[in-house]
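J.: Once you've had a glance at the structure underneath, I'll fire off some questions.
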Amino acid sequence: MSRSIALAQRLLGVAERIVFFTGAGLGAESGIPTFRGSGGLWQGVRPETLATPQAFEEDPVRVWEWYQWRRRLIRDAPLHDGHRAIADVCRKKGAVVITQNVDGMHQRSGCESVAELHGSIWRSRCQVCEAEAPDESLDQAGVPLCPCGGPLRPAVVWFGESLPPAPWNEAQVELGSAAVVVVVGTSAVVQPAASLTELARRAGARVVEVNPEPVGDARDVIVDGGAAECLPLILAPCLT
Ligand code: OAD
């Protein structure tokens, strides 16, 4: 067993409060593309043409087509053992998840406490009355309408928009009181979410990163591998 896995196991085995901070890399082994890196959604695409309020204003049909494509991909993606290990630790230890992902995979795996910093691809919000509602349709074409008549948009956070206050506050509270934060599958470049691990460290948490291409410099343990294989290994001591 590699030394970093043994170190992570030792930290996690005795931790009172565990917080998972997750990004797109967690879904990579389920077949859900990440944003950056080879095969990422932003490769060859300018994010501002799909993930900004201006893009939606200019071409809402194009934006909705992209989100419907992503919904279908996510709907067909299987959970992997890393998702399941996180859910088991949440159930058994009261751990919580703070995620930048909009895919709902944590909820599908059975996690009850999930703060979605960037919203959810499975909800829509009216551009006019701002009412938000679950929306799991996969085959709607064009721009769906709210009962008030206004155009609906995906209830996700786009570039240039603020994070929703409730999950953001929850993230600050949870990361500010964590004993160990497990950072999985994020390039840690998108603010303000990326600043949360530094906040956790300043408040005294130990930080474990799981990533085949680790990015963090302020980490206590770096587990250099994929989430599906490494999470069940490092979390095993929490589940015995
Ligand atoms: P990124 O696509 O920026 O980064 C994905 C990270 O996952 C990289 O560091 C990869 O090395 C890592 N990774 C790849 N495969 C992995 C695996 N099997 N196991 C573990 N890690 C793996 O994704 P995020 O950091 O989540 O925002 O991106 C942050 C935000 O940028 C997203 O929420 C989205 C995007 O633009 C908005 O759309 C507002």
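J.: Taking the stretch 152-231, how much of its Cα-Cα pair set, in percent, is spaced more than 20 angstrom apart?
T.: Numbers: 1222 of 3160 pairs.
Value for the stretch 152-231 (Cα pairs over 20 Å): 39 percent.
J.: Taking springs between alpha-carbon atoms closer than 10 angstrom, which of Ala95, Ala166, Ala200 fluctuates most in the Gaussian network model of the chain?
T.: Comparing Ala95, Ala166, Ala200 in a Gaussian network model of the chain, the most mobile one is Ala166.
J.: What percentages make up the Cα-Cα pair-distance distribution of the stretch 69-194 when the bins are 5 Å wide from 0?
T.: Histogramming the stretch 69-194 at 5 Å steps yields 2, 10, 17, 22, 19, 15, 9, 5, 2, 0 percent.
J.: Can you give the longest stretch of the chain with no exposed loop site, where a site means GluC sites (Glu not before Pro) in a DSSP loop (not H, G, I, E or B) with at most 11 other C-beta atoms within 10 Å? Present the calculation step by step, with values, prior to reporting the outcome.
T.: Numbers: sites that count: Glu16, Glu130, Glu136.
It runs 17-129.
J.: Using the Karplus curve 6.51 cos²θ - 1.76 cosθ + 1.60 with θ = phi - 60°, work out ³J(HN,Hα) for each residue of the stretch 161-176 in order, rounded to whole Hz, and write x for Gly and Pro.
T.: Per residue, the Karplus-derived 3J(HN,Hα) values read 9, 7, 6, x, x, 5, x, 5, 5, 4, 4, 5, 5, 5, 6, x Hz.
J.: If you don't mind, there's one more thing I want to ask. Please list, in chain and number order, the residues 5+ apart from Gly119 or on another chain whose amide H is under 5 Å from its amide H, with Hs placed from the backbone.
T.: The answer is Val157.
J.: Between Val189 and Val128, what FRET efficiency follows from the Cβ-Cβ distance if R0 is 35 Å, with the result rounded to 0.05? It would help to have the intermediate numbers written out before the result.
T.: Details: r = 33 Å, r/R0 = 0.95.
Using R0 = 35 Å, I get an efficiency of 0.60.
J.: Which residue fluctuates the most in the chain, going by a Gaussian network model with Cα springs under 10 Å, if the choices are Arg46, Arg91, Arg219?
T.: Arg46
J.: A follow-up question, please. Express as a percent, rounded to the nearest 5, the fraction of DSSP beta bridges in the chain (both residues included) that run antiparallel. Could you put the intermediate results ahead of the total?
T.: Details: 8 of 28 bridges.
Bridges in the chain are about 30 percent antiparallel.
J.: Follow-up. Under 5 Å between amide H atoms, partner at least 5 residues away or on a different chain: which partners does Thr34 have, H built in plane at 1.01 Å?
T.: Leu41
J.: Right, something else. Can you grab the distance from the C-alpha centre of the stretch 152-210 to the C-alpha centre of the stretch 45-104, Å, no decimals?
T.: 16
J.: A further question follows. Can you work out the PRE-style zone for Ala179? Point 7 Å along Cα to Cβ, and I want the residues of the stretch 1-19 with backbone N under 15 Å.
T.: 8-19
J.: If you don't mind, there's one more thing I want to ask. At 10 °C and a viscosity of 1.306 mPa s, what translational diffusion coefficient does Stokes-Einstein give for the stretch 1-87, taking Rh as the Kirkwood radius over Cα pairs? Give it in µm²/s as a whole number.
T.: Numbers: Rh = 15.9 Å.
This corresponds to a translational diffusion coefficient of 100 µm²/s.
J.: Can you tell me how much longer the chain between Asp220 and Thr49 gets when fully stretched, taken as 0.36 nm per residue apart minus their C-alpha distance, in nm with one decimal?
T.: Values: separation 171, 0.36 × 171 = 61.56 nm, distance 3.76 nm.
Going from the current span to full extension adds 57.8 nm.
J.: Let me ask something else about it. If I take every Cα pair under 8 Å that is 6 or more residues apart in the stretch 46-123, average their sequence separation and divide by the length, what percent do I get for the relative contact order?
T.: Numbers: 71 pairs, mean separation 18.6, N = 78.
That works out to 24 percent.
J.: Convex hull over the alpha-carbon atoms of the chain: what's its volume per residue in Å³? Intermediate results must be reported in sequence, preceding the final value.
T.: Details: hull volume 28.1 nm³, N = 240.
Hull volume over Cα atoms, normalised by residue count, gives 117 Å³.
J.: Then there is this: Which one, Gly31, Ala6, Cys90, projects farthest toward the positive side of the charge dipole computed for the chain from Cβ point charges (K/R +1, D/E -1)?
T.: Of Gly31, Ala6, Cys90, it is Ala6.
J.: Seen from all sides and averaged, what is the projected area of the convex hull of the Cα atoms in the stretch 168-208, in nm²?
T.: Working: hull surface 10.5 nm².
For the Cα atoms of the stretch 168-208, the hull's average projected area reads 2.6 nm².
J.: For an R0 of 51 angstrom, estimate the FRET efficiency from the Cβ-Cβ distance between Gln140 and Val14 and round to the nearest 0.05. Working shown, then result.
T.: Details: r = 49 Å, r/R0 = 0.97.
Between Gln140 and Val14 the formula returns 0.55.
J.: Oh, and also: Per-residue HN-Hα couplings for the stretch 76-86, Karplus 6.51 cos²θ - 1.76 cosθ + 1.60 at θ = phi - 60°, whole Hz, x for Gly and Pro?
T.: 8, 7, x, 5, 10, 5, x, 4, 5, 5, 4
J.: Here's a follow-up. Please list, in order along the stretch 122-131, the HN-Hα scalar couplings obtained from phi with the Karplus expression 6.51 cos²θ - 1.76 cosθ + 1.60 (θ = phi - 60°), rounded to whole Hz, x for Gly and Pro.
T.: Values per residue, Gly and Pro as x: 9, 10, 10, 9, 6, 6, 9, 9, 6, 5 Hz.
J.: Considering only Val102, Val128, Val114, give the residue with the highest GNM mean-square fluctuation for the chain, with springs between Cα atoms whenever their separation is below 10 Å.
T.: Maximum fluctuation in the GNM of the chain, among the listed residues, is at Val128.
J.: When the chain is fully extended, how far beyond the present Cα-Cα distance does Arg62 get from Arg202, taking 0.36 nm per residue of separation?
T.: Numbers: separation 140, 0.36 × 140 = 50.40 nm, distance 4.24 nm.
Length gained between Arg62 and Arg202: 46.2 nm.
Bear in mind these aren't lab numbers, they're just calculated from the coordinates by the rules spelled out. Model, not experiment: these values are computed from the prediction. Cβ coordinates were reconstructed from backbone atoms using ideal geometry, including for glycine residues, and neighbour counts include every protein chain displayed.
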